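> To start, I am sharing the structure in question, which I have written as structure tokens.
The values are calculated or read from the model by the stated rules, or taken from the named source; none is laboratory data. On a predicted model such as this, the values are computed, not experimentally measured, just so you know. Positions of Cβ are backbone-derived with ideal geometry, glycine not excepted, and every protein chain shown enters the neighbour counts.
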């Protein structure tokens with residue numbers, strides 16, 4: 001009995017050990033054995049998921065940075081082409097501006113022989129003296145300039161230098177502190193005598209008509225009218241006015257003589273009107289400079305007071321500002337007219353916007369440094 005007990009214990013131990021081994025094997029085998037459903041699930045695609053990332057909405061562009069020179073789009077050299085009224089030799093007598101100075105419409109730049117050089121708005125250069133009774137586009141330009149300055153308010157046909165334009169020219173010179181130049185020269189001495197003679201001719205003709213009308217009203221004879229049959233013409237010479245027969249026996253009826261006198265009166269008045277229309281205030285070409293754009297700026301002026309006038313006397317820059325820059329070959333291909341540009345002034349601390357105006361042709365020039373093989377450059381203006 002006692003010997004059988006240890007054997008039974010050993011048998012139970014082996015049975016327990018075998019059961020443990022079988023259990024462990026089953027567990028290990030279960031990890032490798034999969035059902036068809038599980039295999040299909042593992043082979044299927046994973047469920048969809050949401051992926052996010054930041055996105056920038058912007059225009060992709062190549063930026064060209066370069067340096068350029070800023071200047072006005074056009075320059076004008078101005079020199080009085082003839083002596084001003086009252087002087088045979090043009091001499092600079094006063095300077096009213098300086099290099100870099102700003103020029104506005106209606107301003108006086110300088111004085112030549114005591115007369116002003118006035119800057120006015122207009123695209124047509126001053127190529128002739130503008131005188132009363134003149135016609136043309138340059139007269140219309142003068143009228144527009146005087147209107148912008150507040151001196152002309154209409155009254156003459158466009159492009160005709162009439163009484164209203166004469167009054168506006170006078171107002172311009174008075175505003176600037178100068179006597180208006182006239183067709184008769186300084187003081188209008190040259191026209192004053194002719195205008196007085198024309199007025200005398202009208203007065204004499206009017207008196208002759210009045211005398212004849214009184215004779216007719218009083219029942220006088222035709223012979224009594226001979227004493228008033230002469231008048232002074234525009235040139236001051238005596239001219240018969242009573243018609244045929246007036247210097248002889250006076251055979252013409254008084255009414256006929258009156259008709260001749262009235263006709264002479266109308267002719268004298270017309271001569272006076274014609275002379276008045278073509279005389280008076282004017283604008284000499286030597287005293288006016290027209291610029292198409294304002295404001296303008298003085299860019300060159302080297303003469304001094306007392307110097308004789310020599311060309312070019314003064315140079316002005318006018319119009320919109322433009323930036324001119326040199327570009328390399330690869331930069332030139334990136335720019336086209338109309339593109340927007342940003343302009344910055346490092347000196348003044350200012351910024352502005354513009355557009356590319358033109359892109360010049362590519363040019364090739366040899367290098368000045370030893371070993372240089374040359375390069376291609378283009379130019380651009382904005």
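> Go through segment 168-187 and give me each residue that's part of a loop (DSSP other than H, G, I, E, B) and either surrounded by 18 or more Cβ atoms within 10 Å (Cβ to Cβ) or touching a strand residue (DSSP E or B) at 6+ places or on another chain (Cβ under 9 Å) (or both). Steps first, answer last, please.
If we filter segment 168-187 for residues that are part of a loop (DSSP other than H, G, I, E, B), which is where we start, we get 177-181, 183-185.
Of everything in segment 168-187, those that are part of a loop (DSSP other than H, G, I, E, B) and either surrounded by 18 or more Cβ atoms within 10 Å (Cβ to Cβ) or touching a strand residue (DSSP E or B) at 6+ places or on another chain (Cβ under 9 Å) (or both) turn out to be 177, 178, 180, 181, 183, 184.
The rows are residues; the columns are (1) closer than 30 Å to residue 319 by Cα; (2) touching a helix residue (DSSP H, G or I) at 6+ places or on another chain (Cβ under 9 Å); (3) modelled with pLDDT of 65 or more.
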site: 3; (1), (2), (3): no, no, no
site: 35; (1), (2), (3): no, no, yes
site: 54; (1), (2), (3): no, no, yes
site: 57; (1), (2), (3): no, no, yes
site: 84; (1), (2), (3): yes, yes, no
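> Return a yes/no flag: does segment 147-161 have any residue that is surrounded by 17 or more Cβ atoms within 10 Å (Cβ to Cβ), touching a residue at least 24 places away in the same chain (Cβ under 8 Å) and in a helix (DSSP H, G or I).
Looking for residues that are surrounded by 17 or more Cβ atoms within 10 Å (Cβ to Cβ), touching a residue at least 24 places away in the same chain (Cβ under 8 Å) and in a helix (DSSP H, G or I), one finds none in segment 147-161, hence no.
> In addition: Does segment 120-138 hold any residues that are crowded, with 19+ Cβ neighbours inside 10 Å and in contact with a strand residue (DSSP E or B) (Cβ under 6 Å, 6 or more places away or on another chain), and which are they?
Once the filter is applied, which keeps residues that are crowded, with 19+ Cβ neighbours inside 10 Å and in contact with a strand residue (DSSP E or B) (Cβ under 6 Å, 6 or more places away or on another chain), segment 120-138 yields 120, 122, 126, 130.
> Test residue 366 against the criterion of being modelled with pLDDT under 70, in contact with a helix residue (DSSP H, G or I) (Cβ under 9 Å, 6 or more places away or on another chain) and over 17 Å from residue 65 (Cα atoms), and give yes or no. Explain how you work it out, then say what you get.
Working: modelled with pLDDT under 70: yes; in contact with a helix residue (DSSP H, G or I) (Cβ under 9 Å, 6 or more places away or on another chain): no; over 17 Å from residue 65 (Cα atoms): yes.
For residue 366, the condition - modelled with pLDDT under 70, in contact with a helix residue (DSSP H, G or I) (Cβ under 9 Å, 6 or more places away or on another chain) and over 17 Å from residue 65 (Cα atoms) - is not met.
> Additional query: Confirm whether residue 165 is modelled with pLDDT of 90 or more, closer than 23 Å to residue 269 by Cβ, surrounded by 16 or more Cβ atoms within 10 Å (Cβ to Cβ) and in contact with a strand residue (DSSP E or B) (Cβ under 6 Å, 6 or more places away or on another chain). Spell out the reasoning first.
Values: modelled with pLDDT of 90 or more: yes; closer than 23 Å to residue 269 by Cβ: yes; surrounded by 16 or more Cβ atoms within 10 Å (Cβ to Cβ): yes; in contact with a strand residue (DSSP E or B) (Cβ under 6 Å, 6 or more places away or on another chain): no.
Against the criterion (modelled with pLDDT of 90 or more, closer than 23 Å to residue 269 by Cβ, surrounded by 16 or more Cβ atoms within 10 Å (Cβ to Cβ) and in contact with a strand residue (DSSP E or B) (Cβ under 6 Å, 6 or more places away or on another chain)), residue 165 does not qualify.
> Take residue 123 and decide whether it is in contact (Cβ under 8 Å) with a residue 40 or more places away in the chain, in contact with a helix residue (DSSP H, G or I) (Cβ under 8 Å, 6 or more places away or on another chain), farther than 16 Å from residue 80 by Cα and outside any strand (DSSP E or B). Write out each step before concluding.
Working: in contact (Cβ under 8 Å) with a residue 40 or more places away in the chain: yes; in contact with a helix residue (DSSP H, G or I) (Cβ under 8 Å, 6 or more places away or on another chain): yes; farther than 16 Å from residue 80 by Cα: yes; outside any strand (DSSP E or B): yes.
Spelling it out, residue 123 is indeed in contact (Cβ under 8 Å) with a residue 40 or more places away in the chain, in contact with a helix residue (DSSP H, G or I) (Cβ under 8 Å, 6 or more places away or on another chain), farther than 16 Å from residue 80 by Cα and outside any strand (DSSP E or B).
> A follow-up question, please. In the set 248, 319, which member is farther than 26 Å from residue 188 by Cα, within 29 Å of the chain's Cα centre (by Cα) and at pLDDT below 90? Steps first, answer last, please.
Working: 248 fails: within 29 Å of the chain's Cα centre (by Cα).
Going through 248, 319 in turn, the sole match is 319.
> Something else: When segment 107-120 is examined, which residues are found to be outside any strand (DSSP E or B) and either under 16 Å from the mean Cα position of the chain (by Cα) or under 22 Å from residue 318 (Cα atoms) (or both)? I'd like the intermediate steps shown before the answer.
Within segment 107-120, the first condition is being outside any strand (DSSP E or B), and the residues that meet it are 107, 113-114.
Selection gives 107 alone.
Residue by residue, here is whether (1) touching a strand residue (DSSP E or B) at 6+ places or on another chain (Cβ under 8 Å); (2) part of a loop (DSSP other than H, G, I, E, B); (3) in contact (Cβ under 8 Å) with a residue 24 or more places away in the chain; (4) surrounded by 14 or more Cβ atoms within 10 Å (Cβ to Cβ) holds:
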site: 303; (1), (2), (3), (4): yes, yes, yes, yes
site: 311; (1), (2), (3), (4): yes, yes, yes, no
site: 331; (1), (2), (3), (4): yes, no, yes, yes
site: 347; (1), (2), (3), (4): no, yes, no, no
